[in-house]
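K.L.:
Got a structure for you, questions after.
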Amino acid sequence: MIKRQAQSELTQLLEEFPAVGVLGPRQIGKTTLAETIAAAEKPEPIYLDLERPSEAAKLNEPEEYFEIHKGKLIILDEIQRVPELFQILRGVIDRRRREGFRTGQFLILGSASLDLLKQSSESLAGRIAYKELSGLTVAEIDHKTSADFERLWLRGGFPDSFLSKSDEASLRWRLNFISTYLERDVPQLGPRIPAVTLRNLWTMLAHSQGGQLNIAQLGNNLDVAAPTAKRYVELLEDLLLIRTLRPWSGNVGKRLVKAPKIYIRDSGITHALLNLTSMDDLLGHPVVGASWEGFVLENLLSCLPTGVTPWFYRTSAGAEVDLVIEKNSREKYAIEIKRSQAPSVSKGFHLGCEDLNATKRFIVYPGKERFPVTKEITAIPILDMMNELKDRK
């Protein structure tokens, strides 16, 4: 399945920047998207998978290789495997600028954000634009029936998982995906980390989906020091497999919680780690509410305009808002996420909205109609909320 919106955005960025970076975990669809863009390019682009020794060898003399193919879009897949390329790309781009080649030179694909951003921020500042590729979202599935919606929630947004012939086949794909990351990808990124330990951590995070991060407790449960547990969490975040949602940091004169909330980004991976095969399994498991919250959160964040930072809000006095989005200096959204067909909010949400001076207040729920809950709060389907966040300026 091709992500048409992402394809359009990347094509536009290639018309504006010398280099464009696409970030996302393995198997999310980066290569398929790059191939689709390449098919429309003239002359035919060059594609190099840098995990293949035969293709990485073509860049033994990278500047000469890039010179030979000047005028063509060059696609570099899994570039974090060859981080020294960033400095070379900087020189190539700067020389080409002087020759009149200003945009659409390199499309860079990467599966690890921290190293990639660190390298490029040092070498390609002002020369590269980024697009983070999410899994399939509610807006991208072909039909909006309840069965398709539930299938996306259960199986997650990895295309191969979503399109599997059965729930059992989808679960097998995701379990294999998890094992491959732990046994092959993680060891390639740094110091040896026991696969069993990292899997235990990943599973603990699945059980506590959407909870506040407690590094000391995680360390105790894993029988490792807190700094080591912190490093493991950062690695999963670097691989774009988990998300930490930061607490609101504005000055509201309240005692705010300081620990971030942590989510496994793909709902299907959460369910695989907990061995939940079917919707019946999911609906009967204690994680169901937190899983729904994480699923909605990822869908909403996938359509945020560039530069908009999401937060959550919680005070020691009990005020709480699941998601805070400050669109601009005039619009501040307070969003509660509920799985009920008849959603309501607690006193804590009202208090949080007052503390934040929220201008828009919503409850995202799994129904199909938009309706007022109170004079100030609107219940809204997930797809409508995505359009609200995406379209309003």
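K.L.:
Tell me, please, whether a residue that is touching a helix residue (DSSP H, G or I) at 6+ places or on another chain (Cβ under 7 Å) and assigned to a helix (DSSP H, G or I) can be found in the range 352-365.
P.N.:
Of the residues in the range 352-365, the ones touching a helix residue (DSSP H, G or I) at 6+ places or on another chain (Cβ under 7 Å) are 361-362, 364.
If we keep only those that are assigned to a helix (DSSP H, G or I) too, we end up with none.
No, there is no match, as no residue in the range 352-365 is touching a helix residue (DSSP H, G or I) at 6+ places or on another chain (Cβ under 7 Å) and assigned to a helix (DSSP H, G or I).
K.L.:
Out of (1) on the phi < 0 side of the Ramachandran plot; (2) without any contact (Cβ under 8 Å) to a residue 12 or more places away in the chain, what's the single condition that is false for S249?
P.N.:
(2) is the only condition that S249 fails.
Conditions tested, residue by residue: (1) modelled with pLDDT of 90 or more; (2) touching a Phe, Trp or Tyr at 6+ places or on another chain (Cβ under 8 Å); (3) over 26 Å from L152 (Cβ atoms); (4) surrounded by 17 or more Cβ atoms within 10 Å (Cβ to Cβ).
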site	(1), (2), (3), (4)
A317	no, no, yes, no
L323	yes, yes, no, yes
K347	yes, no, yes, no
A379	yes, yes, no, yes
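K.L.:
Something else now. Across the range 271-315, what is the total count of residues that are among the small types (G, A, S), buried (at least 21 other Cβ atoms within 10 Å of the Cβ) and within 21 Å of F177 (Cα to Cα)?
P.N.:
Number satisfying all stated conditions: 3.
K.L.:
In contact with a Lys or Arg (Cβ under 7 Å, 6 or more places away or on another chain) and touching a residue at least 60 places away in the same chain (Cβ under 8 Å) - does that describe any residue in the range 216-234?
P.N.:
Initial filter on the range 216-234 (in contact with a Lys or Arg (Cβ under 7 Å, 6 or more places away or on another chain)): none.
Looking through the range 216-234, none of the residues is in contact with a Lys or Arg (Cβ under 7 Å, 6 or more places away or on another chain) and touching a residue at least 60 places away in the same chain (Cβ under 8 Å).
K.L.:
Taking T374 as meeting all but one of (1) among the hydroxyl-bearing types (S, T, Y); (2) assigned to a loop (DSSP other than H, G, I, E, B); (3) within 15 Å of W248 (Cα to Cα), write down the number of the exception.
P.N.:
Every condition holds for T374 apart from (3).
K.L.:
Quick one: which of D142, D223 is exposed (fewer than 15 other Cβ atoms within 10 Å of the Cβ) and at positive phi?
P.N.:
Of D142, D223, the one residue that is exposed (fewer than 15 other Cβ atoms within 10 Å of the Cβ) and at positive phi is D223.
K.L.:
Which fully enclosed helices (runs of 4 or more DSSP H) of the range 135-187 have 2 or more residues being in contact with a helix residue (DSSP H, G or I) (Cβ under 6 Å, 6 or more places away or on another chain) and farther than 17 Å from G24 by Cβ?
P.N.:
Numbers: elements: 146-155, 159-162, 167-180.
Where helices (runs of 4 or more DSSP H) fall fully within the range 135-187 and carry at least 2 residues being in contact with a helix residue (DSSP H, G or I) (Cβ under 6 Å, 6 or more places away or on another chain) and farther than 17 Å from G24 by Cβ, they are 146-155, 167-180.
K.L.:
So, of the residues in the range 145-188 that are of a type in the set (D, E, K, R) and farther than 17 Å from L274 by Cβ, which turns out to be surrounded by the fewest Cβ atoms within 10 Å (Cβ to Cβ)?
P.N.:
So the residue we want is K165.
K.L.:
Does the range 357-369 contain at least one residue that is of a type in the set (A, V, I, L, M, F, W, C), over 30 Å from D148 (Cβ atoms) and at pLDDT 90 or above?
P.N.:
Of all residues in the range 357-369, those of a type in the set (A, V, I, L, M, F, W, C) come to 358, 362-364.
Subsequent filtering for residues that are over 30 Å from D148 (Cβ atoms) retains 358.
Restricting the remaining residues to those that are at pLDDT 90 or above gives 358.
Within the range 357-369, one or more residues are of a type in the set (A, V, I, L, M, F, W, C), over 30 Å from D148 (Cβ atoms) and at pLDDT 90 or above.
The values are calculated or read from the model by the stated rules, or taken from the named source; none is laboratory data. Keep in mind that this is a model prediction, so the values were computed, not measured. Cβ sites come from the backbone with ideal geometry, for glycine too, and all protein chains shown count toward neighbours.
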